[in-house]
Amino acid sequence: MEKYLPHAFEKRMKEMLGEEEFAEYIRSYDDERQYGLRVNTLKCTPQELEQSGIFGVKRIPWVENGFFYDGEERPARHPYYSAGVYYLQEPSAMTPASRLEVHPGERVLDLCAAPGGKATELGAKLQGRGILVANDVSNSRARALLKNLELFGVKNAFVTNELPGKLASCFPEYFDRILVDAPCSGEGMFRKDPAVAKAWDEERPEYFAKLQRDIVLSASRMLRPGGTMLYSTCTFAKEENEGTISWLLGECPELHLEEIKSYEGFSEGRPEWGDGREELRKCVRIFPHKMHGEGHFLALLRKDGDSRWNGPVQKTVPVDKKSWGILEDFLKDVRGEIDRKHVEIRAGKVYLVPELPETARGIHFLRNGVFLGELKKDRFEPSQPFAMTLAADQYDSVLRLKPEDERLERYLRGETIYVQPGECAREKGWQLVCADNYALGWGKLVNGVLKNKYPAGWRKN
């Protein structure tokens, strides 16, 4: 493994860890990189993935739905990846979302969410109930975030592209759970990606610490009394970890640190790296010489009190009778109720939207809920995101193919494929194309030929 460490970084780490432990940290650079994937529990259980035998996996002991896989494997090439069955993620990076307790029906915010590694897990935990607001300040990164949430089949996401301060003015004390995976100097990724180390300089920790303070203060204003917020970084810098949390606790006396579900490889926070308060020991540090993963920091905070936001909600525009009739004609073949009062039609496009507060109007967003499809003249054309919310047993006519069937690869490249008589329940019309039981997208069957409806932007090269 290529190893490059800036001299100033090495010097500081030696001061932080001491001579003996620093030597252990340096030796970890000779270890093989750890590869991980996290199962999408909206579609699959960890046991089902293990039993599928599609490639070798081994449980990550501190993440219930996380697995190590061998670097020689190529899980991104398997059709299950295109079906959103799992997300490829570095093992330590799975930890923050695993340690934020989220329940179906809650209001959840992922404030710095792109590209979606943590947001997809929070969305899976909600199981389609409540709302996930997933935000990123970068428009291009927010688009990647939206794609991953669609791939995972998350139906109740509001994907926004705003500054934290603007969100705080629109969602005062609104969220039950907040995750802040803050932008940071990335020191915990030096072992995984030497390019990050080469871009580092001594000013970066202080620069990011100032940025983090603005972000966590905005986040604290959006947390309801009794709610919990998890702060995380992938850096070792004191200023960005215990330092940022010390500052936040000083600014917000209504916040206090909570214990994080433990694992034998976790290291406790260091009070002397913050403002000295003993409470900082409840933070968690992940070091690569103590665990099979890269560097991370976590802090779980709770706001004093107990109340829930009960303000006015946005009203959806009632769907006219004709449009609903066309939509209903397609939905009769879908198993699972679509609540009419949460359906919204804008310029012929049909959305299933979650409940939002009236104060959310004016926020710049990429998607509210799930895009179901389009009304065109007297017909409804279902969307790719809609397909990804379904399983093989949720639509009346399915083309279910084995992963090794060469037609699957052709479908994912956008090609027309041929269907044998009896392979689908209906001999014409819309078909849900699946790899085993997992949806990949739509096709339209005419005379034994499946016209490919897999969108161009999703296709394999």
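The values are calculated or read from the model by the stated rules, or taken from the named source; none is laboratory data. In this text the structure is predicted, and so the values were computed from the model without any measurement. Don't worry about glycine lacking a Cβ; one is built from the backbone with ideal geometry, like all the others, and counts go over all protein chains shown.
Evaluate the following for residue 232: is it among the small types (Gly, Ala, Ser), in contact with a strand residue (DSSP E or B) (Cβ under 9 Å, 6 or more places away or on another chain) and free of Cβ contacts under 8 Å to residues at least 24 places away in the same chain?
Numbers: among the small types (Gly, Ala, Ser): yes; in contact with a strand residue (DSSP E or B) (Cβ under 9 Å, 6 or more places away or on another chain): yes; free of Cβ contacts under 8 Å to residues at least 24 places away in the same chain: no.
Considered against the rule, which asks whether it is among the small types (Gly, Ala, Ser), in contact with a strand residue (DSSP E or B) (Cβ under 9 Å, 6 or more places away or on another chain) and free of Cβ contacts under 8 Å to residues at least 24 places away in the same chain, residue 232 comes out as no.
Which residue out of 255, 211, 217, 248 is farther than 23 Å from residue 120 by Cβ and out of contact with any helix residue (DSSP H, G or I) (no Cβ under 8 Å at 6 or more places or on another chain)?
Values: 255 fails: out of contact with any helix residue (DSSP H, G or I) (no Cβ under 8 Å at 6 or more places or on another chain); 217 fails: out of contact with any helix residue (DSSP H, G or I) (no Cβ under 8 Å at 6 or more places or on another chain); 248 fails: out of contact with any helix residue (DSSP H, G or I) (no Cβ under 8 Å at 6 or more places or on another chain).
Testing whether each residue is farther than 23 Å from residue 120 by Cβ and out of contact with any helix residue (DSSP H, G or I) (no Cβ under 8 Å at 6 or more places or on another chain) leaves just 211.
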Query raised in the report: So which residues in region 105-128 are over 11 Å from the mean Cα position of the chain (by Cα) and under 26 Å from residue 81 (Cβ atoms)?
Result: 108, 126, 127, 128
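In this structure, is residue 179 aliphatic (A, V, I, L, M), surrounded by 21 or more Cβ atoms within 10 Å (Cβ to Cβ) and farther than 27 Å from residue 268 by Cβ?
no
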Report task. Select from region 312-346 the residues that are touching a helix residue (DSSP H, G or I) at 6+ places or on another chain (Cβ under 7 Å) and aliphatic (A, V, I, L, M) and write down the one among them that is modelled with the highest pLDDT. Result -> 334
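For residue 237, are the conditions met, namely being aliphatic (A, V, I, L, M) and either closer than 19 Å to residue 99 by Cα or in a strand (DSSP E or B) (or both)? Break it down into steps so the answer makes sense when it comes.
Working: aliphatic (A, V, I, L, M): yes; either closer than 19 Å to residue 99 by Cα or in a strand (DSSP E or B) (or both): no.
For residue 237, the condition - aliphatic (A, V, I, L, M) and either closer than 19 Å to residue 99 by Cα or in a strand (DSSP E or B) (or both) - is not met.
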Requested in this report: Could you give me the residue pairs with C-beta distances under 8 Å whose first residue belongs to region 69-80 and is surrounded by 15 or more Cβ atoms within 10 Å (Cβ to Cβ), whose second residue is of a type in the set (Phe, Trp, Tyr) and part of a strand (DSSP E or B) wherever it lies, and which are 6+ apart or on separate chains?
Outcome: 69/35; 73/35; 75/69; 75/86; 79/438; 80/86; 80/438
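Search region 224-254 for residues being among the acidic types (Asp, Glu) and closer than 23 Å to residue 9 by Cα, and hand back the single one that is surrounded by the fewest Cβ atoms within 10 Å (Cβ to Cβ).
First pass over region 224-254, keeping only residues among the acidic types (Asp, Glu): 239-240, 242, 251, 254.
Of the ones still in play, those that are also closer than 23 Å to residue 9 by Cα are 239-240, 242.
Values: 239: 21, 240: 28, 242: 25.
Top of the filtered list is 239.
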Report summary line: In the set 38, 12, 33, the lone residue that is closer than 25 Å to residue 117 by Cβ, crowded, with 16+ Cβ neighbours inside 10 Å and not aromatic (Phe, Trp, Tyr) is 38
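So, residue 141, is that one basic (Lys, Arg) and either out of contact with any Asp or Glu (no Cβ under 9 Å at 6 or more places or on another chain) or at pLDDT below 95 (or both) or not?
Values: basic (Lys, Arg): yes; either out of contact with any Asp or Glu (no Cβ under 9 Å at 6 or more places or on another chain) or at pLDDT below 95 (or both): yes.
When the stated conditions are applied, residue 141 passes them.
Residues are listed down the side, and each one gets a yes or a no for (1) within 30 Å of residue 133 (Cα to Cα); (2) modelled with pLDDT of 95 or more; (3) under 24 Å from the mean Cα position of the chain (by Cα):
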{"site": "365", "(1), (2), (3)": "yes, yes, yes"}
{"site": "378", "(1), (2), (3)": "no, no, no"}
{"site": "390", "(1), (2), (3)": "yes, yes, yes"}
{"site": "399", "(1), (2), (3)": "no, yes, no"}
{"site": "432", "(1), (2), (3)": "yes, yes, no"}
{"site": "444", "(1), (2), (3)": "no, yes, no"}
Requested in this report: Considering every residue within region 114-130, establish whether at least one is crowded, with 23+ Cβ neighbours inside 10 Å, in contact with a strand residue (DSSP E or B) (Cβ under 9 Å, 6 or more places away or on another chain) and more than 26 Å from residue 460 (Cα to Cα).
Outcome: yes
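Quick one: would you say residue 344 is part of a loop (DSSP other than H, G, I, E, B) and over 17 Å from residue 430 (Cα atoms)? Outline the logic, then answer.
Numbers: part of a loop (DSSP other than H, G, I, E, B): no; over 17 Å from residue 430 (Cα atoms): yes.
No.
Checking the conditions here, which among 366, 408, 390 is touching a residue at least 60 places away in the same chain (Cβ under 8 Å) and under 30 Å from residue 168 (Cα atoms)? Working first, answer last.
Values: 408 fails: under 30 Å from residue 168 (Cα atoms); 390 fails: under 30 Å from residue 168 (Cα atoms).
None of the others qualify; the one that does is 366.
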Report summary line: The lone condition residue 161 fails out of (1) in contact with a strand residue (DSSP E or B) (Cβ under 7 Å, 6 or more places away or on another chain); (2) crowded, with 24+ Cβ neighbours inside 10 Å is (2)
Report summary line: Per the list (1) more than 24 Å from residue 282 (Cβ to Cβ); (2) touching a Ser or Thr at 6+ places or on another chain (Cβ under 9 Å), residue check on residue 190 breaks on (2)
